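The values are calculated or read from the model by the stated rules, or taken from the named source; none is laboratory data. From a predicted model like this one, the values you see are computed outputs, not experimental measurements. Cβ placement follows ideal geometry from the backbone for every residue including glycine, while neighbour counts extend to all protein chains displayed.
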Amino acid sequence: MKNKLLLLLSGIVILVLVSVGLAGCQATGPSVENSNQQVGISVSGEGKVTVTPDIVNVQYGIQAQALAVADAQSQAANAINDVMAALTANGVAQIDIQTQSYSIQQTTSWDNNKQIQIVTGYQVNNYVNIKIRDVAKAGIIIDAAAAAGGNLTRVNSIQFGIADPLAYNDQVREKAMTDAKDTATQLAKLAGVTLGKPISISENVSSPVVPPIYYNGAADAKSSTAITPGTFDITMTVQVLYAIK
């Protein structure tokens, strides 16, 4: 019986040692790791196209003030109707005139004797966005609208833009990709490797930032306000990862 017990214990010890030995072999042996990291040459490229604006956006408003709301509304309505007629007469389509805001507000002043705010009247504001598609006529159109609105005219800003900026994307993208490939080719040559095909590509289009200008009115009745569009840049950057052969 004692011999059988010793034989059983010996078997257990051997089994444990074999298990530990196998575990040690698995821990110290070679392993294969899956990795999604892509190795290659990563570069950025930039494309740029200089364009001339073909539209002008005008922030135009009518501001009327009177003792009664009805009177202020009537003044504003008559003025904006005259402005619309002037715009239409100068070739601006109805679809290019969009109401931005309309408000009626009290005007007040401080009564020192009573130490209170008193209502002095009402102010009506009617603001529209005017899109002018003939840049050469922008000064004439703006002056015509200002003359129609008279002393109630308010012009917040004038801003240039492109009617269809997407039309330039193909040209800008081609320049950006050419710039990226030129950089990658030079890097591969300096590193002594052969450039492969693109593995991944991403792009970013930068919208042109055009600062607004502000209208001060025509210098005299015989000449229109000078509106000069100038130029601005449409840019695109691409990030390209090229393989190494």
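A few remarks follow.
- Scanning the stretch 87-131 for residues that are at pLDDT below 90 and of a type in the set (A, V, I, L, M) yields Ile116, Ile118, Val119.
- Matching residues, the stretch 146-176, being charged (D, E, K, R) and either surrounded by 15 or more Cβ atoms within 10 Å (Cβ to Cβ) or closer than 22 Å to Tyr127 by Cα (or both): Arg154, Arg173, Lys175
- Candidate set: the stretch 98-140, residues that are part of a helix (DSSP H, G or I) and touching a residue at least 12 places away in the same chain (Cβ under 8 Å); chosen: the one farthest from the chain's Cα centre (by Cα): Ile140
- Counting the residues of the stretch 125-140 that are under 25 Å from Ala66 (Cα atoms) and either in contact with a Lys or Arg (Cβ under 9 Å, 6 or more places away or on another chain) or surrounded by fewer than 18 Cβ atoms within 10 Å (Cβ to Cβ) (or both) gives 3.
- Residue tally, condition closer than 18 Å to Gln73 by Cα and either of a type in the set (S, T, N, Q) or surrounded by fewer than 10 Cβ atoms within 10 Å (Cβ to Cβ) (or both), over the stretch 105-124: 6
- Scope the stretch 50-72; condition part of a helix (DSSP H, G or I) and buried (at least 17 other Cβ atoms within 10 Å of the Cβ); matching residues: Ala72
- Residues (outside any loop (DSSP other than H, G, I, E, B) and modelled with pLDDT of 70 or more) located in the stretch 203-236: Glu203, Asn204, Val205, Ser206, Phe232, Asp233, Ile234, Thr235, Met236
- Restricting Asp143, Asp182 to those that are surrounded by fewer than 19 Cβ atoms within 10 Å (Cβ to Cβ) and in a helix (DSSP H, G or I) reduces the list to Asp182.
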